[in-house]
């Protein structure tokens, strides 16, 4: 490509961004949300009305939040809300350090933890609404 083509392409992208800016609510995880990496964790355990994900590690990136999005009950797709929290390692007095529970709904990102350092080890936990006839399975995406 010629230099002129690159300049035209850059101008077109700039004009599109000016005409169609992203809505403020599109990235509620803060100013670094576009730098966060998505993942879909596997289930790790069930205990006392909670399901925990496999152990996750934040990547080396400017992202300093842990968020969830695309929340959906696998058995009831109309149910798009769930209560989540994060458990961090290292262990304190033999247990994880937990965030406060946060209700997240639908496809939009909801922040569960802020000021998270690179290479932090954690699990995402959600409260189940039912355990009969099977334990509720909730699908969601984690951004870290």
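Read-outs: derived from the displayed coordinates by stated rules, not from any lab. Bear in mind the structure is a predicted one, so any value in this text is a computation, not a measurement. With ideal geometry, Cβ positions are generated from the backbone for all residues, glycine too; neighbour counts draw on all protein chains shown.
Quote the FRET efficiency, to the nearest 0.05, computed for residue 40 versus residue 105 with a Förster distance R0 of 22 Å and r equal to the Cβ-Cβ distance. Efficiency at R0 = 22 Å is approximately 0.80. If r is the Cβ-Cβ distance from residue 76 to residue 118 and R0 is 30 Å, what FRET efficiency results, to the nearest 0.05? Computed FRET efficiency for residue 76 and residue 118: 0.25. If R0 is 35 Å, the Cβ-Cβ spacing of residue 137 and residue 61 corresponds to a FRET efficiency of close to 0.75.
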